[in-house]
1. Rounded to the nearest 500, what is the 222 nm mean residue ellipticity of the chain from helices alone, with -39500 (n - 2.57) per DSSP H run of 4+ residues and division by all residues?
2. Please compute P(r) over all alpha-carbon pairs of the chain, binned at 10 Å starting from zero, and give each bin as a whole-number percent.
3. If you take the beta carbon distance between residue 197 and residue 128 as r and set R0 to 22 Å, what does 1/(1 + (r/R0)^6) give as a FRET efficiency, to the nearest 0.05?
4. What's the extension gain from residue 255 to residue 155 if we count 0.36 nm per residue and subtract their Cα-Cα distance?
5. What's the ranking of 155-162, 285-292, 256-263, 100-107 by average number of surrounding C-beta atoms within 10 Å, highest first?
6. If one computes the Cα centroid of segment 175-191 and of segment 237-287, what distance in Å separates the two points?
7. Efficiency by 1/(1 + (r/R0)^6): what FRET value for residue 66 and residue 325, r their Cβ-Cβ distance, R0 = 41 Å, to the nearest 0.05?
8. At 0.36 nm per residue, minus the direct Cα-Cα distance, what do residue 287 and residue 313 gain on full extension? Give it in nm, one decimal, please.
């Protein structure tokens with residue numbers, strides 16, 4: 001998952017949180033409040049960009065006027081740190097966690113921090129976005145792709161595969177996010193390291209081409225758009241957004257397949273508003289919620305709502321095999337390998 005702005009920011013489409021340094025004054029009002037005619041309030045911890053989650057929440061609260069959503073938004077690393085601090089001092093201060101990759105959720109699942117999604121309808125969701133224990137569910141497919149600047153690189157000469165990026169002609173022309181900083185980049189590095197067609201040899205060869213290492217996906221995409229590093233590795237929706245704004249960039253889904261994150265959502269076991277929290281997740285997975293995701297330039301997790309303009313259908317994009325246990329367990333070693341390779 002892209003590492004978004006980590007500055008502390010709290011907001012809601014209706015009600016702002018009182019402070020970025022403290023959780024909401026009430027950690028989700030009990031579902032029983034609905035029976036008395038009061039609104040149920042849920043708190044969502046998310047790494048979604050502010051304008052996008054605001055749009056989602058406005059649509060959700062219009063469809064569910066008895067539920068009010070409060071949001072704390074930060075990068076996944078900062079969210080994890082906040083949750084760890086809250087666990088030490090008491091209960092987690094949110095009802096819904098919506099962020100990052102499935103590997104992050106696996107850690108919370110193992111610790112017993114997530115509640116089973118007993119009232120969430122994940123039937124339309126593709127298998128790659130589902131958790132076998134039903135403790136979380138993916139809400140978008142965010143692939144990492146190859147991108148290039150069309151003013152600098154002709155389509156005929158553009159890389160088509162991960163293997164192509166190791167060609168010496170791309171030496172000093174590549175950029176990619178830093179896996180030591182970006183959680184999504186670290187996840188991808190472990191996927192590549194454990195892929196039979198790529199592995200350690202590919203990472204070593206990639207390092208020989210001296211890619212620029214940007215702090216996150218955002219700066220990496222800007223380097224490609226400017227042409228200073230005319231090819232690189234980045235999440236796909238950033239390139240679609242740049243292209244829509246007029247930048248000369250093109251997206252390539254690598255022939256070997258693409259690593260991807262699913263930006264899951266789950267409900268914390270500490271939540272006192274589990275019913276309302278699951279209603280929120282149902283909205284994210286609903287036809288309306290998934291169409292909003294497509295309008296926001298994301299690939300959906302269901303195949304009946306289309307894809308962003310100019311993007312292949314979901315069924316036509318080859319997703320790499322991702323064994324979460326292996327990827328999670330090998331992530332630190334993969335990042336170390338990458339850092340040694342690009343010195």
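1. About -10500 deg cm²/dmol.
2. Reading the bins upward from 0: 6, 26, 34, 23, 10, 2, 0.
3. That pair, residue 197 with residue 128, gives E of 0.75.
4. Gain on extension, residue 255 to residue 155, equals 34.5 nm.
5. 256-263, 100-107, 285-292, 155-162
6. 17
7. Given R0 = 41 Å and the Cβ-Cβ separation, E is 0.55.
8. Net length gain for the segment: 7.8 nm.
Taken together, the values in this text are just the output of simple stated rules run on the coordinates, not laboratory data. None of the values given here were measured: they were computed from a predicted structure. Neighbour counts run over all protein chains shown; Cβ positions are idealised from the backbone, glycine included.
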